[in-house]
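First the structure, in the form of structure tokens, and then the observations on it.
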There are 4 protein chains.
Amino acid sequence: MKKQLRSPFFVVNPKAYLYGEKSLELALEADKLSEKYDVDILFTAQYADCYRISQATKKLIITTQHMDSLVPGRGMGYILPESLVESGVQATFLNHAEHPVKVNELVEIMKRADELGILTIVCADSIAEAKAISILNPDIMICEPTELIGTGQSSSIDYMRQTNDAVRESNPNIKVLQAAGISSPEDVRKALESGADATGGTSGIIGAENPIEMLESMLIELVNYREEK
Amino acid sequence: MKKQLRSPFFVVNPKAYLYGEKSLELALEADKLSEKYDVDILFTAQYADCYRISQATKKLIITTQHMDSLVPGRGMGYILPESLVESGVQATFLNHAEHPVKVNELVEIMKRADELGILTIVCADSIAEAKAISILNPDIMICEPTELIGTGQSSSIDYMRQTNDAVRESNPNIKVLQAAGISSPEDVRKALESGADATGGTSGIIGAENPIEMLESMLIELVNYREEK
Amino acid sequence: MKKQLRSPFFVVNPKAYLYGEKSLELALEADKLSEKYDVDILFTAQYADCYRISQATKKLIITTQHMDSLVPGRGMGYILPESLVESGVQATFLNHAEHPVKVNELVEIMKRADELGILTIVCADSIAEAKAISILNPDIMICEPTELIGTGQSSSIDYMRQTNDAVRESNPNIKVLQAAGISSPEDVRKALESGADATGGTSGIIGAENPIEMLESMLIELVNYREEK
Amino acid sequence: MKKQLRSPFFVVNPKAYLYGEKSLELALEADKLSEKYDVDILFTAQYADCYRISQATKKLIITTQHMDSLVPGRGMGYILPESLVESGVQATFLNHAEHPVKVNELVEIMKRADELGILTIVCADSIAEAKAISILNPDIMICEPTELIGTGQSSSIDYMRQTNDAVRESNPNIKVLQAAGISSPEDVRKALESGADATGGTSGIIGAENPIEMLESMLIELVNYREEK
């Protein structure tokens with residue numbers, strides 16, 4: 001059974017900036033904040049770190065940044081979904097602009113994720129791509145203009161609305177994440193006001209002077225928004 | 001500093017046949033056998049399982065089946081070498097026939113492995129490929145006729161001698177592993193008699209009626225061979 | 001402006017079985033048959049052969065078996081769509097099971113094809129994939145069970161109907177091609193009776209004792225079917 | 001039988017900047033200059049343009065920018081080497097930084113090129129890569145610092161000497177091409193004085209105010225150098 005997410009939720013995606021101890025430290029703090037503010041947080045980690053982090057945390061939804069469609073058996077060096085599940089992983093990003101996958105492979109990986117109860121967060125670079133992917137029933141979609149990733153510049157609220165609408169018109173069951181260039185509580189509010197189910201960040205958090213304070217202030221803004229509704 | 005391997009050594013490579021608890025169980029037994037027979041054993045695991053296994057074992061050389069050249073920073077879903085080192089990984093396979101890599105990528109990954117003290121076990125499909133790769137100074141090489149992988153049929157001793165010689169003529173510092181279709185103690189002896197520094201197996205061990213007994217009988221044969229020399 | 005195709009049409013796809021003179025010979029015969037039976041025929045060729053064949057034929061719709069999204073400028077060794085257009089190419093296969101492409105790349109290539117007036121014939125391995133791709137507005141779709149390709153065994157009429165329906169429900173503008181394992185005039189009739197707009201073959205034609213006679217008898221069956229309607 | 005090249009020779013590599021008529025026009029001029037100055041010129045073209053150009057020229061060595069290891073038979077959309085030979089192609093670039101290939105694939109492609117008498121011009125990004133590739137016996141090698149490609153800035157003469165020496169020490173039969181950022185007759189002289197067998201250009205020629213004049217002045221400098229020796 002896949003984890004049920006309560007909107008608005010939040011994604012902490014340290015990409016490859018953090019690993020090992022440093023990743024664990026941030027995860028422990030994020031876990032406390034998840035409990036304190038009663039917000040579902042997806043936390044991405046290196047494959048090698050998932051077990052440690054899932055063992056040490058209670059609330060975080062441990063998330064990988066990709067996975068393969070490999071089935072138990074032959075195959076050297078690919079990511080076996082079953083190994084993730086046993087390590088406490090509950091969600092995975094797929095088809096990120098930094099890790100695009102083939103059409104047939106995406107279909108296969110999503111089938112495996114469904115079999116194993118892994119939430120899928122599938123990325124699209126353009127509205128055309130988002131519409132096509134939405135037909136495959138991902139749990140969560142991100143539609144980010146590739147140019148903005150990692151720039152600390154967020155999408156315009158118009159672009160966010162347009163992509164939220166495109167995904168939902170095509171498939172109303174999908175939750176929409178807006179996370180391009182989120183680097184302040186104001187960006188969090190903007191993303192949620194666009195109608196997104198979730199937001200989150202990478203460099204906006206990791207690169208902040210005090211990452212944990214920044215994460216907390218973003219979550220407070222998310223909670224404020226949730227209460228106003 | 002890279003781990004120094006004592007020849008003859010052994011490789012247990014469960015590929016994606018085992019993961020989680022099952023992988024850990026075999027690792028624990030292999031670890032005991034490594035101590036009992038004083039043989040260096042490289043044990044390959046899913047990325048997600050390396051930390052658990054390295055924490056639970058004392059002697060095994062934890063080995064991944066591939067790694068990427070990613071450096072800390074951006075990059076979604078690739079294998080960060082630093083995350084492996086922090087999880088206790090000391091060696092990695094590269095360029096296996098089931099996971100071939102680009103020429104420039106192989107150079108980059110091997111550079112990263114050298115920086116981080118990770119042993120490299122690089123595979124080649126043909127003698128021409130083996131000679132080219134040997135120039136890049138891998139720690140260990142495997143030259144396996146692609147057709148034999150996973151068949152339970154071992155290379156002929158002539159082919160083994162030919163590939164051992166090709167690698168060593170080109171670069172005498174490289175240790176040579178012969179592991180295609182090793183499924184009995186006799187295959188272990190044949191591989192070592194060909195002049196290889198190491199041997200090991202996948203389906204020959206995992207697919208045996210009693211994998212641990214098979215592994216032990218292979219190690220006993222390796223020890224017999226070692227003592228005869 | 002893209003070429004307007006009249007259903008039922010036919011595809012002769014020699015893959016890499018033919019090239020140079022041999023490909024040209026079959027193309028010349030197919031061109032005569034296209035005129036004789038007034039049937040639109042898409043003829044696939046190696047990139048290097050397209051110019052020769054387009055210069056020597058009058059009716060054939062010269063088709064490539066893939067193309068890249070490369071734009072004029074840098075880029076070594078990829079297929080520049082503009083070079084195809086100048087060589088007389090009017091259509092291209094994309095995402096064949098023997099040449100799968102990434103999701104974002106497929107979107108880009110189809111955009112380039114639309115800009116340049118090249119018909120797109122996009123392949124899918126499964127119904128899920130076919131539905132997703134149909135959202136991208138290809139001109140023609142093929143949904144073939146990967147297992148049947150090159151076997152000389154055609155899809156069941158039920159599978160054909162199911163895939164025809166899946167594509168058309170999702171996007172009624174797309175023409176549907178059923179071409180898996182077509183190796184006789186009976187297979188041609190079966191494909192058209194399933195409701196497909198087109199059919200065609202590779203090994204069923206090239207591997208026939210007399211390829212040109214086989215092609216003609218397939219076209220005669222197509223014409224019979226067309227006249228019965 | 002492979003074409004025998006006479007050093008110093010020259011490479012005109014329009015990448016994807018030119019195609020169709022424009023590519024043919026430059027080829028015709030280059031062909032005249034090849035005859036006038038008695039210099040072997042390799043001219044790269046889009047796959048689709050090779051036949052036209054080889055038919056229209058007498059001296060040029062028609063060169064592709066990549067080719068695949070595909071053999072006649074199945075396989076959709078890859079570059080069949082036999083189709084290139086029948087179109088007049090006599091040489092191919094391989095493993096360019098803009099088109100890197102896998103280790104095992106490079107070995108296969110080079111085997112096919114040797115079978116079919118196609119000259120191989122293999123690229124390396126670093127000295128380590130160049131040494132490894134030199135073991136595979138390419139006919140010509142290029143070792144270019146990836147950062148300089150397309151910048152109009154040439155390698156330092158020290159870097160050129162170092163790479164020339166690295167390749168020749170490893171395999172004295174290989175001809176060495178220095179072509180990074182060549183944009184003037186002075187750059188041509190510098191490359192040849194470094195000890196290279198050949199030089200050539202892309203943007204330095206195509207982007208010149210008058211490409212044909214630039215090409216001629218580069219060839220004149222090459223001839224001057226040849227005569228001084």
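Of everything in the stretch B:70-79, what is within 18 Å of A:Leu80 (Cβ to Cβ) and either open to solvent by 40 Å² or more (accessible area, probe 1.4 Å) or hydrophobic (A, V, I, L, M, F, W, C) (or both)? Give them in sequence order.
Restricting attention to the stretch B:70-79, the residues satisfying the condition of being within 18 Å of A:Leu80 (Cβ to Cβ) are B:77-79.
Listed by number, the residues that qualify are B:Tyr78, B:Ile79.
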>> Among the residues of the stretch C:62-72, what is the count of those that are under 18 Å from D:Pro100 (Cα atoms) and facing chain D (nearest Cβ under 7 Å)?
In response: 1
> Can you tell me which residue in the stretch B:28-52 is farthest from A:Glu82 (Cα to Cα), limited to those that are buried (at least 24 other Cβ atoms within 10 Å of the Cβ) and among the aliphatic types (A, V, I, L, M)?
Replying inline: B:Ile41
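Pull up the stretch C:86-102, narrow it to residues that are among the small types (Gly, Ala, Ser) and more than 20 Å from A:Asn95 (Cβ to Cβ), then point me to the one that is most open to solvent (accessible area, probe 1.4 Å). Walk me through it before giving the result.
At the first step, the residues of the stretch C:86-102 found to be among the small types (Gly, Ala, Ser) are C:87-88, C:91, C:97.
Now narrow it down to the ones that are more than 20 Å from A:Asn95 (Cβ to Cβ): C:87-88, C:91.
Values: C:Ser87: 1, C:Gly88: 27, C:Ala91: 0 Å².
Looking at residues that are among the small types (Gly, Ala, Ser) and more than 20 Å from A:Asn95 (Cβ to Cβ), I get C:Gly88.
Being open to solvent by 10 Å² or more (accessible area, probe 1.4 Å), away from chain D (no Cβ under 12 Å) and modelled with pLDDT of 95 or more is true for just one of C:Val107, C:Val122. Which residue is that? Talk me through it step by step, then tell me what you get.
On the way: C:Val122 fails: open to solvent by 10 Å² or more (accessible area, probe 1.4 Å).
Just a single option satisfies the conditions, and that option is C:Val107.
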>> Conditions first: (1) over 15 Å from D:Asp68 (Cα atoms); (2) open to solvent by less than 30 Å² (accessible area, probe 1.4 Å); (3) more than 7 Å from every other protein chain (Cβ to nearest Cβ); (4) free of Cβ contacts under 8 Å to residues at least 60 places away in the same chain. D:Glu129 passes all but one, so which condition is the exception?
In response: (3)
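Mind checking whether some residue in the stretch D:140-151 is surrounded by 20 or more Cβ atoms within 10 Å (Cβ to Cβ), within 11 Å of chain B (Cβ to nearest Cβ) and closer than 22 Å to B:Glu129 by Cβ? Please lay out each step first, then the result.
Taking the stretch D:140-151 as the starting set, the residues that turn out to be surrounded by 20 or more Cβ atoms within 10 Å (Cβ to Cβ) are D:140-144, D:149.
Okay, now just the ones that are also within 11 Å of chain B (Cβ to nearest Cβ), so none.
Checked the stretch D:140-151: no residue is surrounded by 20 or more Cβ atoms within 10 Å (Cβ to Cβ), within 11 Å of chain B (Cβ to nearest Cβ) and closer than 22 Å to B:Glu129 by Cβ.
Among the candidates A:Asp31, A:Asp38, A:Asp49, A:Asp68, single out the residue that is on the phi > 0 side of the Ramachandran plot, out of contact with any strand residue (DSSP E or B) (no Cβ under 7 Å at 6 or more places or on another chain) and among the charged types (D, E, K, R).
Numbers: A:Asp31 fails: on the phi > 0 side of the Ramachandran plot; A:Asp49 fails: on the phi > 0 side of the Ramachandran plot; A:Asp68 fails: on the phi > 0 side of the Ramachandran plot.
None of the other options fit; the residue is A:Asp38.
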> A:Leu42 fails exactly one of the following numbered conditions: (1) touching a Ser or Thr at 6+ places or on another chain (Cβ under 9 Å); (2) within 11 Å of chain B (Cβ to nearest Cβ). What is the number of that condition?
Replying inline: (2)
>> Please return the ranges of helices (runs of 4 or more DSSP H) entirely within the stretch A:44-128 where 3 or more residues are farther than 27 Å from B:Phe43 by Cβ.
In response: A:103-116
>> Show the residue pairs meeting these rules: Cβ distance below 9 Å; 6+ apart or different chains; first residue within the stretch C:166-192 and over 25 Å from C:Glu209 (Cβ atoms); second residue assigned to a strand (DSSP E or B) and of a type in the set (Ser, Thr, Tyr).
In response: C:Leu177/C:Thr199
>> So, in the stretch C:167-178, exactly how many residues are open to solvent by 10 Å² or more (accessible area, probe 1.4 Å) and either charged (D, E, K, R) or part of a helix (DSSP H, G or I) (or both)?
In response: 4
>> I want to confirm something. Restricting to the stretch D:1-27 and keeping residues that are surrounded by 16 or more Cβ atoms within 10 Å (Cβ to Cβ) and of a type in the set (Gly, Ala, Ser), which single residue is farthest from the other protein chains (Cβ to nearest Cβ)?
In response: D:Ala27
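Just to be sure before I move on: is D:Leu84 within 9 Å of another protein chain (Cβ to nearest Cβ) and closer than 25 Å to D:Asp165 by Cβ in the structure I sent? Break it down into steps so the answer makes sense when it comes.
On the way: within 9 Å of another protein chain (Cβ to nearest Cβ): yes; closer than 25 Å to D:Asp165 by Cβ: no.
Against the criterion (within 9 Å of another protein chain (Cβ to nearest Cβ) and closer than 25 Å to D:Asp165 by Cβ), D:Leu84 does not qualify.
Of the residues that sit in the stretch A:196-229 and are hydrophobic (A, V, I, L, M, F, W, C) and closer than 18 Å to A:Gln65 by Cα, which one is surrounded by the most Cβ atoms within 10 Å (Cβ to Cβ)?
The residue in question is A:Ala198.
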>> If I filter the stretch D:102-121 for residues that are under 25 Å from B:Leu106 (Cα atoms), without any contact (Cβ under 8 Å) to a residue 24 or more places away in the chain, touching a helix residue (DSSP H, G or I) at 6+ places or on another chain (Cβ under 8 Å) and among the β-branched types (Val, Ile, Thr), do I get at least one hit?
In response: yes
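The values are calculated or read from the model by the stated rules, or taken from the named source; none is laboratory data. Computed from a predicted model, the values in this text were never measured in an experiment. Virtual Cβ from ideal backbone geometry, glycine too; neighbours counted across all protein chains shown. All accessible areas refer to the heavy atoms of the entire protein, side chains included, with ligands and DNA or RNA removed. Shrake-Rupley method; radii C 1.70, N 1.55, O 1.52, S 1.80 Å.
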